[in-house]
Each structure stands twice: as C-alpha cells, then as structure tokens.
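Asks: Quick one: this structure, given as structure tokens, is what I'll be asking you about.
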Amino acid sequence: MPTSLRLRLAAVALFVFALPALPAHAVSKEMIQLQQQIQDLQNAVAKLQQSNDERMGVLKDLVQQTADSVNKMSVTVGGLQEQLGSQQTAATGKADQLSGQIQSLNDSLDELKARMAKFDRALANIDSQQQTANALLQNLPSSGGGSSTLSAPPQPAGPQPLAQSDQPATPASRNPSTPAGGSVDDLYRTALGDYMAGKYPLAASEFADVIKQYPDENLSGNAYFYLGEINNKATKPSIAVKDYDHLIEHYPDNAKIPAAHLHKGETLLSMKQPDAGVRELRALIQRFPNSPEAAQARTKLNALGVSIVPKH
C-alpha cells in the first residue's frame, strides 16, 4: 500500500477518535466531510486495486510469454545439440571408415610390393639362366673347316662353372646366408595373406618368424604393426601397445609409424588411460601433421573435447 494512502488512513483514524471532543453543533458538518473523505478514499483504493490488477495481469502475460520463449529456445538448443552430436558421430564413423580403407590400401600395397619383389627375383633367375646358357654356348667346341682336329677339348655335359665376373647378382648371391625358411618377402607375403584371410593365430606365428629371421629388415617393422593389430583383436591391448612401441622405436623409416601412433593412442584410450592416449595422438599430429592418420587424430581429440595443442 502506498505511503501517502497509509498517512491518509491514519489521519482519518485520528479524526474519528477526536470526534467525541468536538462540540455538538460541529459534529454533523464534520461527519459529512468525514464521510465524503472516506468515500473518496474508498474510490481511490478501488482505483488503485483495479490498476494493480491490470498491471498484475500484464505482468503475468509477460512472464508467460517469457516462459514460452525460454521453452522454445530450450527445444531449439536441444535439437541443435542432438544434430551436432549426430554430425560428430557421423564424422567419427566416416573417419573410422576412412582409416579402415586406408589400412586396407596399405595392406594391399604391402602385398603388391611383396609380389613385385618376387617377380624381381624371378627375372633375376631368368637373367642368370640366360647368362649361364650364353657361357655354355661360348665354351662349345668349334669345327676347323672339315678337319677332324678340334681347336679345344670337348667339355663335359652340364653347366660349367662361371668366372667371378660372370656370377649373376641375384638375391641369393647377395645374401648367401638366407635362412632355410625363405626370403623375407616370401615369409612376409605369406603372413600378410593369412592375416587378410582372418587366420590370425597362424599369421601371428608367421609374422613372428619374419621378425626372428630378419630382425633388421623394414618388413619386420610391418610385422610388429600387424602383431599389434592381432593382439588388439584378441583383447590383449597392453601387448598391442608394446608391439606398436617396438615399431615406432626401432624402425624410424617405416611407413606404418603414423598408423602405429594412431592405433596406440586409440588402444590407450580404450584402456582408460586418457592422458597417455591424448599424448600419443598429439605426438602423431606433431610428427606427421599432413598424414591421413593425423586428420583422424584431430577428429578424435575434438570428440573428446581436448585441444590439439597442449595448454601450458
């Protein structure tokens, strides 16, 4: 209630209490004035009440409109968040699909390289046989114009030993200590074929043979990578991390190092080691910023809500 209205009511009350002290001839006149003032006061209170009711109605309408707007905004924001989540999920799925396609392409490329190496060895063998045949033709005896005397003694049948300069540069002659199990290309191609066919236990054993017989060959780095993949599929993430580490640390020129970083980071995240996983993904981005694996690492870090560059 306004202060002025309260003062007026107080004044009226004091006046009423003071009436007994007034003379009789002034009572009627003062009563009429008092009644008039009370009537005016009642009218003012009624108008004030009506005004307050109108203002309260307007205020209620404004509050209701504001509440409706807030609800609509909440629905809109919820829809945007759901749409954004769907887009992030789709982007992550596409990145994973792209990663699988790239990995499959790398596997096919490795197999193609192994086949080309086999073709190179076959061509080298053919060249060696051709050189041997040419040497035999050169060492055959020649007739002396119908004379029965031969210019050179007859040579025994069969391939003749070649001079040191005539030895073909075949892989076998370059590496006389090739293990009996076969060349590194043959062993690796066999292991990769079994891996592609889903024969993981057999492929793991064959990749282990590659590493054991040719520990310094670059294909042994590939073998460590696929051992990590097999151990991941066998739910042995800690062993898989060690396989990826061995490739990264001991085969610095291997083409599968970016994939090893990526898969190691994903494995660490699956092992509930987010700090180590994030470090590995950041290391991948720093070392190979333009690689497809780095793009996938950025997508995963964004999905985790983690900055690509560590904050100091």
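Condition check ((1) assigned to a loop (DSSP other than H, G, I, E, B); (2) not aromatic (Phe, Trp, Tyr)) across all residues:
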| residue | (1), (2) |
| --- | --- |
| 223 | no, yes |
| 226 | no, no |
| 229 | no, yes |
| 239 | no, yes |
| 242 | no, yes |
| 252 | yes, yes |
| 261 | no, yes |
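Asks: Considering only residues that are among the acidic types (Asp, Glu) and assigned to a helix (DSSP H, G or I), look in segment 188-216 and name the one that is surrounded by the most Cβ atoms within 10 Å (Cβ to Cβ).
Replies: Here is the first cut: in segment 188-216, the residues among the acidic types (Asp, Glu) are 194, 206, 209, 216.
Subsequent filtering for residues that are assigned to a helix (DSSP H, G or I) retains 194, 206, 209.
Values: 194: 18, 206: 22, 209: 19.
Going through the qualifying residues, I end up with 206.
Asks: Turning to a different aspect of this structure: Give me the residue from segment 286-301 that is under 11 Å from the mean Cα position of the chain (by Cα) and free of Cβ contacts under 8 Å to residues at least 24 places away in the same chain and, out of that set, farthest from residue 94 (Cα to Cα). Working first, answer last.
Replies: Here is the first cut: in segment 286-301, the ones under 11 Å from the mean Cα position of the chain (by Cα) are 292-301.
Add one more test, that the residue is free of Cβ contacts under 8 Å to residues at least 24 places away in the same chain, and what stays is 298, 301.
Details: 298: 13, 301: 15 Å.
Looking at the filtered set, the residue picked out is 301.
Asks: Return a yes/no flag: does segment 213-232 have any residue that is closer than 30 Å to residue 87 by Cα and among the hydrophobic types (A, V, I, L, M, F, W, C). Working first, answer last.
Replies: From segment 213-232, those closer than 30 Å to residue 87 by Cα are 229, 232; that's our starting set.
So of that shortlist, the ones also among the hydrophobic types (A, V, I, L, M, F, W, C) come out as none.
Within segment 213-232, none of the residues are closer than 30 Å to residue 87 by Cα and among the hydrophobic types (A, V, I, L, M, F, W, C).
Asks: Looking only at segment 269-287, count every residue that is open to solvent by 60 Å² or more (accessible area, probe 1.4 Å) and not acidic (Asp, Glu) and tell me the total. Even if it seems obvious, please write down each step before you answer.
Replies: Pass one, segment 269-287, residues open to solvent by 60 Å² or more (accessible area, probe 1.4 Å): 270, 272-275, 279, 286-287.
Cutting the leftovers down to not acidic (Asp, Glu) gives us 270, 272-274, 279, 286-287.
Count: 7.
Asks: Please go through (1) over 23 Å from residue 110 (Cα atoms); (2) surrounded by 15 or more Cβ atoms within 10 Å (Cβ to Cβ); (3) of a type in the set (Asp, Glu) for residue 229 and return the number of the only condition it doesn't satisfy.
Replies: Answer for residue 229: the failing condition is (1).
The values are calculated or read from the model by the stated rules, or taken from the named source; none is laboratory data. The model shown is predicted, which means the values in this text are computed figures rather than measured ones. Every residue, glycine among them, receives a Cβ derived from its backbone with ideal geometry; neighbour counts consider all protein chains shown. Quick note on the areas: whole protein, heavy atoms, side chains included, nothing else; ligands and nucleic acids left out. Shrake-Rupley method; radii C 1.70, N 1.55, O 1.52, S 1.80 Å.
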